[in-house]
1. Inside region 106-120, can you point out the residues that are buried (at least 17 other Cβ atoms within 10 Å of the Cβ) and at pLDDT 95 or above?
2. Given the criteria closer than 17 Å to V75 by Cβ and surrounded by 12 or more Cβ atoms within 10 Å (Cβ to Cβ), does F128 qualify?
3. Run down L76, L100 and say which single residue is within 15 Å of K31 (Cα to Cα), in contact with a Phe, Trp or Tyr (Cβ under 6 Å, 6 or more places away or on another chain) and of a type in the set (A, V, I, L, M).
4. Please tell me if R135 is under 17 Å from the mean Cα position of the chain (by Cα) and more than 21 Å from H42 (Cβ to Cβ).
5. Consider only pairs whose beta carbons are under 8 Å apart and that are at least six residues apart or on different chains; among these, list those whose first residue lies in region 114-141 and is under 15 Å from G83 (Cβ atoms) and whose second residue is modelled with pLDDT of 85 or more and of a type in the set (D, E, K, R).
6. Residues of region 85-137 being touching an Asp or Glu at 6+ places or on another chain (Cβ under 8 Å), polar (S, T, N, Q) and part of a strand (DSSP E or B), which ones?
7. What are the residue pairs meeting all of these: first residue in region 57-74, first residue within 11 Å of L100 (Cβ to Cβ) and modelled with pLDDT of 90 or more, second residue charged (D, E, K, R) and surrounded by 15 or more Cβ atoms within 10 Å (Cβ to Cβ), Cβ atoms under 9 Å, and 6 or more apart or on different chains?
8. Quick check, is A149 surrounded by 14 or more Cβ atoms within 10 Å (Cβ to Cβ) and at pLDDT below 95?
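The values are calculated or read from the model by the stated rules, or taken from the named source; none is laboratory data. Since we're looking at a predicted model, the values are computed, not measured. Heads up, the Cβs are rebuilt from the backbone with ideal geometry, glycines too, and the neighbour counts pull from every protein chain shown.
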Amino acid sequence: MKRALPCLLFFLSALLYGNDWVPYPIEGVTKPVNRVDHIAGHFVAWGGDALYVSPDGSSWTEVELPLNHSIHQDVLTGVFHTGAEWVVFASDRNQQAFRLSSNDLRDWEVQTTDLSPQARLFYYKGRFFEFGASRMRTSADGLNWQDTAI
């Protein structure tokens with residue numbers, strides 16, 4: 001019963017007060033984002049074609065990515081730090097996937113890669129993982145992918 005009571009109170013609180021949520025503007029964040037992570041000592045907010053970093057979660061700076069903003073269809077699919085560099089994956093309206101890499105979040109190298117735009121991406125112990133509808137693939141560099149049994 002001790003475990004159930006906090007859950008019940010949270011549920012009742014959400015029912016009673018959950019509809020009062022309002023968007024809160026965050027200084028420096030001007031484009032929609034749908035994810036916030038803590039990566040390599042930085043808070044990172046990203047989504048759509050926007051990427052922001054913050055040292056403290058309060059003041060944010062937009063990271064300029066070399067994406068084709070004229071089509072407004074670029075979608076970031078993953079943001080990672082390998083310990084040596086920042087790696088961002090994106091796809092465009094033609095479903096072409098890109099791997100962007102940078103040491104300083106300012107100068108980017110852009111390369112095409114073979115990723116599914118709908119795949120979920122993860123980075124763990126020096127390897128990238130792609131989980132698609134019916135497959136899993138791994139890569140050491142985010143460019144060369146190998147099928148892996150599930």
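1. W108
2. no
3. Answer to the selection: L76.
4. Considered against the rule, which asks whether it is under 17 Å from the mean Cα position of the chain (by Cα) and more than 21 Å from H42 (Cβ to Cβ), R135 comes out as no.
5. F128/D141; A140/R127
6. Scanning region 85-137 gives S91, S101, S102.
7. Pairs found: L65/D49; L65/D74.
8. Answer is no for this residue.
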